[in-house]
Amino acid sequence: MKINTEDLQMLNKKFQGASPDEILMWCSENLSGNLAMMTSFQISGMVILHKMHKLFPELPVYFIDTGYHFPETLEFRDKIIQEFNFNIQTVSSKIPHEEFEKKYGPELYNSNPDLCCQINKIEPQERVMNEAGYHHWISGIRKDQGPSRASHKVFMTDSKGMIRIHPLINWKWDDVWNYLHKNEVPYHSLYKFGYPSIGCAPNVCTTPGNFAGGERSGRWQNSTKTECGLHLQLSSGVNTDISQTS
């Protein structure tokens, strides 16, 4: 089965109040062979990986290595590969990291964070989506993570025509943590140090947050930037607006 943009409104209506289990079960039964996941191993992604470990253990999983991750992130990725035995593949920019810093300087993330994200996150994601051959991609984003995601739906399409699937879109922060603790699912160690959202390591990209500005309050300090761009330009069906933020 292949979901077309015309199917999105019907699917979103069908799964409007569905549980993550119902959504993931439908995906595993109907999209097997044309389904993959992109994750950075944050808490929502870990819920999905834990659920899919039982439903669809052969699910292809992709992780974008920006070249600026915390060492703890890469260590946690390796831990999950070993414990879950998923087919997890790491992708990165076409420009080797040393060449990137030589060309753009060592702090492009500070001087031009949008360009840094474009080169190190968006381009690798778009490339692997095109080359891997999967049309449907699971992501762990949720509405309560911030205003730019508040209108997102379970099924959406991006500007390249790929289908994005958000099984946890209606879950809250507490729902995620309750699941992790109840099921003893491992999670990134930096959450214990006050990081509500974990991106790249430079302190202009990720800092501990106080939740006053939401779960992503610790990202891109001293900037109006709230998204790297991976989850923008999404539509929930024909004749609907593109969800985006500046």
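The values are calculated or read from the model by the stated rules, or taken from the named source; none is laboratory data. Quick caveat, the model's predicted, so the values are computed rather than measured. Using ideal geometry, Cβ is built from the backbone for each residue, glycine included, and neighbour counts are taken over all protein chains shown. Ligands, DNA and RNA are stripped out before the accessible areas are found, and what is left, the full protein with its side chains, is counted by its heavy atoms. Shrake-Rupley method; radii C 1.70, N 1.55, O 1.52, S 1.80 Å.
Couple of notes before you dig in:
- Heavy-atom accessible surface of segment 53-186, averaged per residue, reaches 49 Å², computed with a 1.4 Å probe.
- Distant-in-sequence amide H partners of SER40 (H built 1.01 Å from N, under 5 Å): none
- With contacts taken as Cα pairs under 8 Å at a separation of at least 6 residues, the chain carries a relative contact order of 24 percent.
- Relative contact order for segment 1-105: 24 percent, from Cα pairs under 8 Å spaced at least 6 residues apart, divided by residue count.
- Considering only ASN222, PRO124, LEU8, the residue lying farthest towards the positive end of the dipole of the chain is LEU8, judged by Cα position with unit charges set on Cβ.
- Along segment 52-63 the Karplus relation, 6.51 cos²θ - 1.76 cosθ + 1.60 evaluated at θ = phi - 60°, assigns HN-Hα couplings of 6, 4, 8, 7, 8, x, 8, 3, x, 10, 10, 10 Hz to successive residues, with x for each Gly and Pro.
- Within the shell of other residues whose beta carbon sits under 13 angstrom from the beta carbon of MET129, the net charge comes to 0, with Lys and Arg scored +1 and Asp and Glu -1.
- Computed FRET value (nearest 0.05) for GLU107 with HIS53, which takes r as the C-beta separation and R₀ as 45 Å: 0.70
- Vicinal HN-Hα couplings computed from phi for segment 108-119 (Karplus, 6.51 cos²θ - 1.76 cosθ + 1.60; Hz; Gly/Pro x): 4, 4, 9, 7, 8, x, 5, 5, 4, 5, 4, 6
- Taking amide H as placed 1.01 Å from N in the peptide plane, ASN87 has its amide H under 5 Å from the amide H of VAL61, each at least 5 places away in sequence or on another chain.
- Estimated 222 nm signal from helices in the chain, with DSSP H stretches of n ≥ 4 weighted -39500 (n - 2.57), rounded to 500: -9500 deg cm²/dmol
- Charge dipole of segment 1-137 about the Cα centre (unit charges at C-beta), most positive-ward option of GLN42, LEU74, CYS27: CYS27
- The Cα center of segment 108-132 and the Cα center of segment 158-209 differ in position by 19 Å.
- A full extension of the chain between THR5 and THR224 corresponds to an added length of 75.7 nm, given 0.36 nm per residue minus the alpha carbon distance.
- Simple spin-label estimate for TRP26 and ASN130 gives 3.1 nm between the two label positions (7 Å along the Cα-to-Cβ direction from each Cα).
- Across the chain, the longest run free of exposed loop sites, meaning trypsin sites (Lys or Arg not before Pro) lying outside DSSP classes H, G, I, E and B with no more than 12 other Cβ atoms within 10 Å, spans 3-93.
- Relative contact order computed over segment 27-173 (Cα-Cα under 8 Å; 6+ residues apart), in percent: 25 percent
- Cβ charges +1 (Lys, Arg) and -1 (Asp, Glu), total dipole of the chain, debye: 400 debye
- Translational D in µm²/s for segment 8-69 (Stokes-Einstein at 4 °C, 1.567 mPa s, Kirkwood Rh from C-alpha pairs): 100 µm²/s
- For LYS2, the lysines whose Cα comes closer than 22 Å to its Cα, not counting residues fewer than 8 places off in the same chain, are LYS13, LYS14, LYS153, LYS160.
- Student exercise, segment 82-151 dipole from Lys, Arg, Asp, Glu Cβ charges, in Debye to nearest 20: 240 debye
- Loop sites by DSSP among the GluC sites (Glu not before Pro) of the chain, restricted to those with at most 13 other Cβ atoms within 10 angstrom, leave 108-183 as the longest stretch without any of them.
- Cys residues of the chain that find no other Cys beta carbon under 4.7 Å: CYS27, CYS116.
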